[in-house]
Amino acid sequence: MKPVTLFTVAVAFCASTLFYHSGVEANDNPQDNPKLEKQTQKELRQNNKAKMKHDKKGMFTRASQLMGVNITNQKNNEVGEIEDLVLSTPSGDIRYAAVTYGGFLGIGDKMFAVPIEAFKIKHKGKDNELNVHLNVTEKQLEGETGFNQDNWPNFADKEFVSALDQRYKVNGKVRKEKKSDKDVADNKMSDHVIRLSQLMDHEIQNTQNQSVGEVSEIVLDTTHHKVRYFVVSFNDELGEKDKLYAVPFQAFMIKTDTPEKNEHKLFLNITKAQLQGTRGFTEDNWPDFTDAQFRKSLENQFLLDSDVKKRPKKELGT
């Protein structure tokens, strides 16, 4: 009698164990467990919100780090590098990259314009290493002639721009800058594109045509394809010696002096009193541009109100 009882207990134990495990496996499926499904959906929503917040604030990098970086294709092979970037001066939108495909197609030092939307730019690792990806094939580049430093294409040519969009399979969007009545009237503000290499080390003047410093670096928002800040080395009369200052792009005026020679002047109205309290930094100790409070302090410091009309005319260089 006793052996039968032990056997019965053993069978019951195994059955209960199997039932328990099968129940766990079934409940691991969100469709079979409403509570788990609700929890999974909540986690997904939280992850999406975090991603949206991350995308909204953007990722920042220096122009000097992006220019010269290697480009990889869908097979993770190096196909070229970014030589320069082209932006629209009224808005600060980065529109194109000038790319060399020498190692990919064996076409020497010719450059090719690529819409910035065609790239996937990511920051990886502790050092925020740049990873630039571009899906491009030899067939895709058939018919491209390229250009050199002395013969850049006309980015105002609608046919040229449309052909680029189609070649790199990006959604062509209206690339027109809305100019104010004042800009239309006096035609002082450039409505042309400009290369970042033309702005690096560029002299900065005030509206009295006095030199106040120069552009040491340019900070880019690679998420939204924008120029956000000029990093400025001010003259000793204004800033601290050996200190750099981040100034929002919107605080500057870029004027084309002689369009046929593509020469530009860079203006910024700035006083020593205005710079007081501004956080300068050194080459070895850059600020965190993802810090919303830091960015807001720069906007306040340089009178970048949400409504530009509220800014004093003197500060707008008029």
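Only helices (runs of 4 or more DSSP H) whose full extent lies in region 34-136 are considered here, and the ones with at least 3 residues that are modelled with pLDDT of 90 or more and either under 21 Å from Val227 (Cα atoms) or not hydroxyl-bearing (Ser, Thr, Tyr) (or both) are 63-66.
Does region 207-228 hold any residues that are over 13 Å from Leu268 (Cα atoms), touching a helix residue (DSSP H, G or I) at 6+ places or on another chain (Cβ under 7 Å) and crowded, with 19+ Cβ neighbours inside 10 Å, and which are they?
Within region 207-228, the subset over 13 Å from Leu268 (Cα atoms) is 216-228.
Narrowing further to those that are touching a helix residue (DSSP H, G or I) at 6+ places or on another chain (Cβ under 7 Å): 217-218, 220, 223, 225, 227-228.
Once the filter is applied, which keeps residues that are over 13 Å from Leu268 (Cα atoms), touching a helix residue (DSSP H, G or I) at 6+ places or on another chain (Cβ under 7 Å) and crowded, with 19+ Cβ neighbours inside 10 Å, region 207-228 yields Glu217, Ile218, Leu220, His225, Val227, Arg228.
The values are calculated or read from the model by the stated rules, or taken from the named source; none is laboratory data. None of these values were measured; they are calculated from a predicted model. A quick note on method: Cβ atoms are made from the backbone with ideal geometry, for glycine too, and the neighbour counts reach across all protein chains shown.
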